[in-house]
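Read the figures in this text as sums done on the coordinates, not as results from a lab. Worth saying up front: this structure is predicted, and the values here are computed from it rather than measured. When we count neighbours, we look across all protein chains shown, and the Cβ atoms used for this are built from the backbone with ideal geometry, even at glycine.
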Amino acid sequence: MSAPNSSYDPVQVTDLQPEEIEAARDAALAALAGADDLDVLADVRTRHVSGRPAPLVLARREVGALPPQARADAGKRLNAASRTVNEAYEARLAVLTEQRDARVLVEESVDVTLPTGRAARGARHPLSVVADRVADVFVAMGYEVAEGPEAEHGWYNFDALNTPPDHPSRELQDTLYLEPTTSSVVLRTQTSPVQVRSLLTRPLPVYVICPGRVFRADTVDATHLPVFSQVEGLAIDEGLTMADLRGTLDAFAAGLFSDVRGGLRTRLRPHFFPFTEPSAEVDLQCFGCGGDSAAGGPDPACRICSGEGWIEWGGCGMVDPAVLTACGVDPARYSGFAFGMGLERTAMALHNIRDIRELIDGDVRFALAFSRGGNA
Ligand SMILES: [Zn+2]
């Protein structure tokens, strides 16, 4: 840098002296180095870098007053000082911005382990979900949903269903009677009395399903509850045969288990019920192995069906003419079929639930676990 020259304009501009420019530059660099956050840096920028009061900015205004040679020298010095200060500013800005961003990431991150003030939302119970799905399948086939009382007269629960007075199911160890026991009022042991009531009150033909709670004098264990849920179906029309029953059950299984192996099939095994003739037990194609284990497939030891390929699902049969007669229906003209399944067993099959008691524990986490996955 050249020294001041006395041949310059007699009006010396102090701000443009080399020492002054260096002092202004060094003050700016020191202030920039001392700026420890972006707010301070913005202030330093105004006072030292590019703001109106910055000495280097003020000095630049004076340059025009100098003679040409002095103007060029001072301009070079100013430019060099300004470039140094600007570079220092940009570097400091980058450092402080990075520090700020890193701090924000930490300070504004969400701690997902903190408790929230939100009330937990519940979930529909798997039994309710299954009952609704069953109703959907049958309503689509033209059935109506019928309901009836849980405290039922013995005539509807037993007599009308062709259950003889000495049948063991009427015993106190199987059936819960309301007092006085001579009143013959029971907690219904099945939803069949709703079928009787439907036949007595509805015009023929009748196509109904009857979902609801039923009661038995059972002890709670992994597969039994004293209170459980059934869905029964009844179809009474002219010309109905066992083939209609089979087709209906297969349509039921295919619709209800449509997302299990593309729909499951059923099979019938001969059985006896007082209110149907012929009667059969309904088995459901194993939802675990699809029946492969029974055919010696890749999973011969399926733990769900124990290698049977089928699991028990419910009972069914052609409605006994004696039941039709008891309900005022002419068995010479009408025939029909009935079937019934436990909803707990159905839900257990649908969700691979191992212990029926989980369905009554009332733990919302259990219901939440089954409210997802397309079954809601
Ligand atoms: Zn199986």
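Pick from Thr325, Thr181, Thr84 the residue whose mean-square fluctuation is largest in a GNM of the chain, springs joining Cα atoms under 10 Å.
Per the Cα network of the chain with a 10 Å cutoff, Thr84 tops the list.
Sum up the charges of everything whose Cβ sits under 12 Å from the Cβ of Asn162, counting Lys and Arg as +1 and Asp and Glu as -1, but leave Asn162 out.
Charge balance near Asn162 sits at -3.
Along the charge dipole of region 251-337, pointing to its positive end and built from +1/-1 on Cβ of Lys, Arg, Asp and Glu, which listed residue (Gly288, Ala322, His271) has its Cα farthest out?
Positive-most Cα among the choices belongs to Gly288.
Decide, for region 190-251, between rounded, prolate and oblate: order the square roots of the alpha carbon gyration tensor eigenvalues as a ≥ b ≥ c, take rounded if a/c falls under 1.5, and otherwise choose prolate if a/b is larger than b/c, else oblate. Working shown, then result.
Numbers: a/c = 3.75, a/b = 1.75, b/c = 2.14.
Cα axes put region 190-251 in the oblate bin.
Once you have the Cα-Cα distance between Thr182 and Arg103, take 0.36 nm times their residue separation minus that, and quote the gain in nm to one decimal.
Result for the pair: 20.5 nm of gain on full extension.
Average the reciprocal distances over every distinct pair of alpha-carbons in the chain, invert the result, and give the Kirkwood radius in Å. Intermediate results must be reported in sequence, preceding the final value.
Values: mean 1/r = 0.0359 Å⁻¹.
Result for the chain stands at 27.8 Å.
Normalising by the residue count of the chain, find the relative contact order in percent from Cα pairs under 8 Å and 6+ residues apart.
Result for the chain is 14 percent.
Excluding Val329 itself, what net charge comes from residues whose Cβ is under 14 Å from its Cβ, given Lys and Arg +1 and Asp and Glu -1? Write out the running numbers ahead of the final one.
Working: positive: Arg197, Arg202, Arg333; negative: Asp237, Glu238, Asp320, Asp330.
Its environment carries a net charge of -1.
Residue by residue through region 207-217, what is 3J(HN,Hα) from phi via Karplus (6.51 cos²θ - 1.76 cosθ + 1.60, θ = phi - 60°)? Round to whole Hz and write x for glycine and proline.
Karplus-based 3J(HN,Hα) across region 207-217 equals 10, 9, 10, 10, x, x, 7, 10, 9, 9, 7 Hz.
Round to the nearest 10 and give me the degree value, 0 to 90, for the angle of helix 192-201's Cα axis relative to the longest principal axis of the chain.
The angle comes out near 80 degrees.
Just flag the GluC sites (Glu not before Pro) in region 46-155 sitting in loop per DSSP whose Cβ has no more than 13 other Cβ atoms within 10 Å.
Working: sites: Glu62, Glu87, Glu90, Glu98, Glu107, Glu108, Glu144, Glu147, Glu150, Glu152; in loops: Glu108, Glu147, Glu150.
Those that pass, being in a loop and sparsely packed, are Glu108, Glu147.
Rounded, prolate or oblate: which fits region 224-282, taking a ≥ b ≥ c as square roots of the Cα gyration tensor eigenvalues, rounded meaning a/c under 1.5, else prolate when a/b beats b/c?
oblate
Going through region 66-115, which trypsin sites (Lys or Arg not before Pro) have at most 14 other Cβ atoms within 10 Å and a DSSP loop state? Intermediate results must be reported in sequence, preceding the final value.
Working: sites: Arg71, Lys76, Arg77, Arg83, Arg92, Arg100, Arg103; in loops: none.
Counting only loop positions with at most 14 other Cβ atoms within 10 Å, none of the trypsin sites (Lys or Arg not before Pro) in region 66-115 qualifies.
When Lys and Arg each count +1 and Asp and Glu each count -1, what net charge do the other residues less than 13 Å away from Val104, Cβ to Cβ, add up to?
Local net charge: -3.
In nm, to one decimal, how far is the modelled label at Asn86 from the one at Glu62, with both set 7 Å along Cα→Cβ?
2.1
At a Förster radius of 35 Å, what calculated FRET efficiency corresponds to the Cβ-Cβ distance of Gln17 and Leu93, to the nearest 0.05?
Efficiency for this residue pair is about 0.75.
With n ≥ 4 as the cut-off for DSSP H runs, can you work out [θ] at 222 nm for the chain, using -39500 (n - 2.57) per run divided by the number of residues, rounded to the nearest 500?
The helix contribution divided over the chain gives -11500 deg cm²/dmol.
Classify region 218-356 as rounded, prolate or oblate from the Cα gyration tensor: take a ≥ b ≥ c as the square roots of its eigenvalues, call it rounded if a/c is under 1.5, otherwise prolate when a/b beats b/c and oblate if not. It would help to have the intermediate numbers written out before the result.
Details: a/c = 2.37, a/b = 1.67, b/c = 1.42.
Note, shape of region 218-356 comes out prolate.
Out of Val186, Val110, Val231, any idea which swings most in a Gaussian network model of the chain, alpha carbons joined below 10 Å?
Its mean-square fluctuation being the largest, the pick is Val110.
Step through the residues of region 59-64 one at a time and calculate ³J(HN,Hα) from phi using the Karplus curve (6.51 cos²θ - 1.76 cosθ + 1.60, θ = phi - 60°), rounding each to whole Hz and writing x for Gly and Pro.
Computed from phi, the couplings for region 59-64 are 4, 4, 5, 7, 4, x Hz.
Once amide H atoms are placed 1.01 Å from N in the peptide plane, what residues at a sequence separation of 5 or more from Glu144, or on another chain, have their amide H within under 5 Å of its amide H?
Residues meeting the amide H criterion: Tyr207, Val208, Ile209.
If the elastic network links every pair of Cα atoms under 10 Å, which of Arg216, Arg354, Arg52 fluctuates the most in the Gaussian network model of the chain?
Arg52
Taking amide H positions as placed in the peptide plane 1.01 Å from N, state which residues far from Gly315 in sequence (5 or more) or on other chains have amide H under 5 Å from it.
Long-range HN contacts for Gly315: Val282, Gly340.
Given Leu245, Val227, Pro331, which one lies farthest toward the positive end of the charge dipole of region 197-335, if we put +1 on the Cβ of every Lys and Arg and -1 on the Cβ of every Asp and Glu?
Checking the options against the dipole of region 197-335, the answer is Val227.
Size of the dipole of the chain about the Cα centre, Lys and Arg at +1 and Asp and Glu at -1 on the beta carbon, nothing else charged, in debye to 20?
Magnitude of the dipole: close to 1080 debye.
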